[in-house]
Amino acid sequence: MRILDTIEKVPGGLMVIPLLLGAFVNTFAPGILEIGGFTQALFRDGAMAVIGVFLVCMGAQLPIKATGAVAEKGGAIMLGKLFAGVIIGLSVGFLIPGGMLLGLTPLAIIAAMTNSNGGLFLALTTEFGNKTDRGSIAVIAINDGPFLTLVVLGAAGLAQIPLLAVVAVITPILIGFVLGNLDLKLRSFLKQGEQLLIPFFAFPLGTGIDFRTLIEAGSSGVLLGALVVTISGGCAMLFLWVVQVLRRRPPKQRNLISGIAESSTAGNAVATPAVVAAADPAYQAIMEVATAQIAGAVVTTAILTPLLTVLVHRWQLRRGIDPLNEYDDPELNGTPAVIEQQS
């Protein structure tokens with residue numbers, strides 16, 4: 001049987017298929033993996049640990065000279081998502097009668113649009129991007145959690161920047177970065193983990209998704225997910241493109257993969273309405289509605305973001321924009337885990 005060949009024929013299959021299998025198991029047999037031992041540790045609860053190892057392997061591939069490019073790229077796409085959430089969310093809250101857009105609350109819009117799924121981002125940029133694409137996770141880690149939502153909603157005085165959460169994401173990358181720059185053999189050794197580990201964190205990530213959430217959230221949750229992918233993903237790409245234009249990068253070096261790969265909503269965003277409501281009781285009345293809508297967006301973006309990333313990748317290749325050739329220095333480009341999609 002050619003299982004791997006079949007998986008790689010699916011756009012983003014190394015990430016998407018295990019993710020959907022995990023979601024299928026969680027939807028129809030949620031308790032089947034909760035048997036303890038190695039089985040539960042790996043297939044149910046292991047996403048964060050495996051992603052941690054993945055970050056070490058990924059960090060080892062970043063040469064010192066890549067830090068500037070990583071900061072530039074990560075900053076651009078993070079600000080793009082933040083801009084989308086602020087403009088759309090606050091416009092709905094202040095300009096639309098009733099403060100809702102087709103049933104969507106400003107709280108749900110801002111929480112979903114300013115947040116992103118780091119695991120999905122890493123998998124997609126590993127398959128279709130280069131070293132600086134996946135390295136930018138070190139910057140966008142700040143949008144993981146309710147902090148940006150609290151700031152936008154004016155409740156920042158009741159919260160603190162989750163510095164420890166950001167440090168927790170960056171530390172494995174820094175460890176890999178140091179090891180890879182101290183010893184090139186270690187860099188080569190750890191490179192194998194970039195592709196190998198993807199399905200092992202994709203499946204447990206999928207076990208956090210329940211397809212029934214789409215039904216419970218209704219059309220508003222699906223709509224929110226579509227808005228997140230198109231508007232926040234579009235703004236992330238736009239901000240990245242503007243930076244590249246201002247830097248006078250040649251058109252064929254304007255790689256936007258990291259922007260579209262950032263067009264998702266993480267599962268932890270589901271908890272944001274409760275955190276915001278705890279900080280500001282005025283949001284208690286819409287907490288449950290916003291929570292359901294965000295949950296629908298999480299599932300919707302988990303499906304749409306990989307598909308759109310593949311489309312953008314192919315669109316770029318038809319125009320001669322290859323992540324492998326983004327920088328004149330080959331050491332900054334590296335190689336994506338999957339090259340098949342370039343056909």
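What's the total number of residues in region 60-70 that are part of a helix (DSSP H, G or I) and in contact with a helix residue (DSSP H, G or I) (Cβ under 6 Å, 6 or more places away or on another chain)?
5
Would region 198-213 turn up any residue that is among the hydroxyl-bearing types (Ser, Thr, Tyr) and open to solvent by 30 Å² or more (accessible area, probe 1.4 Å)?
Looking for residues that are among the hydroxyl-bearing types (Ser, Thr, Tyr) and open to solvent by 30 Å² or more (accessible area, probe 1.4 Å), one finds none in region 198-213, hence no.
Here are the criteria: (1) open to solvent by 30 Å² or more (accessible area, probe 1.4 Å); (2) within 16 Å of ILE303 (Cβ to Cβ); (3) at pLDDT 90 or above. Tell me which single one GLY267 does not satisfy.
Unmet for GLY267, out of (1) open to solvent by 30 Å² or more (accessible area, probe 1.4 Å); (2) within 16 Å of ILE303 (Cβ to Cβ); (3) at pLDDT 90 or above: (3).
Which number in (1) open to solvent by 10 Å² or more (accessible area, probe 1.4 Å); (2) of a type in the set (Gly, Ala, Ser); (3) modelled with pLDDT under 90 marks the one condition that GLY234 misses?
GLY234 satisfies every listed condition except (3).
Only one of (1) open to solvent by less than 10 Å² (accessible area, probe 1.4 Å); (2) at pLDDT 80 or above; (3) in a helix (DSSP H, G or I); (4) of a type outside the set (Lys, Arg) fails for SER116. Which number is that?
Of everything listed in (1) open to solvent by less than 10 Å² (accessible area, probe 1.4 Å); (2) at pLDDT 80 or above; (3) in a helix (DSSP H, G or I); (4) of a type outside the set (Lys, Arg), SER116 misses just condition (3).
Starting from residues that are assigned to a loop (DSSP other than H, G, I, E, B) and either modelled with pLDDT under 80 or among the hydrophobic types (A, V, I, L, M, F, W, C) (or both), keep the ones in region 72-113 and report whichever is most open to solvent (accessible area, probe 1.4 Å).
LEU102
When region 38-65 is examined, which residues are found to be closer than 17 Å to PHE121 by Cβ, among the hydrophobic types (A, V, I, L, M, F, W, C) and open to solvent by less than 30 Å² (accessible area, probe 1.4 Å)?
Across region 38-65, the qualifying residues are ALA47, VAL50, ILE51, PHE54, LEU55, CYS57, MET58, LEU62.
Can you give me the ranges of the helices (runs of 4 or more DSSP H) entirely in region 190-264 with at least 1 residues that are farther than 19 Å from THR132 by Cα?
Those helices (runs of 4 or more DSSP H) span 198-206, 212-227, 233-246.
Name the residues in region 164-197 that are buried (at least 18 other Cβ atoms within 10 Å of the Cβ), of a type outside the set (Lys, Arg) and modelled with pLDDT of 80 or more, would you?
Within region 164-197, PRO172, GLY176, PHE177, GLY180, LEU190, GLY193, LEU197 meet the criteria.
Modelled with pLDDT of 85 or more, touching a strand residue (DSSP E or B) at 6+ places or on another chain (Cβ under 8 Å) and either of a type outside the set (Ser, Thr, Tyr) or exposed (fewer than 13 other Cβ atoms within 10 Å of the Cβ) (or both): does that describe ILE35?
When the stated conditions are applied, ILE35 does not pass them.
Among the numbered criteria (1) in contact with a Leu (Cβ under 7 Å, 6 or more places away or on another chain); (2) open to solvent by 40 Å² or more (accessible area, probe 1.4 Å), which one does GLY225 miss?
(2)
The values are calculated or read from the model by the stated rules, or taken from the named source; none is laboratory data. Quick caveat, the model's predicted, so the values are computed rather than measured. A quick note on method: Cβ atoms are made from the backbone with ideal geometry, for glycine too, and the neighbour counts reach across all protein chains shown. With ligands, DNA and RNA removed, areas are computed over all heavy atoms of the protein, side chains included. Shrake-Rupley method; radii C 1.70, N 1.55, O 1.52, S 1.80 Å.
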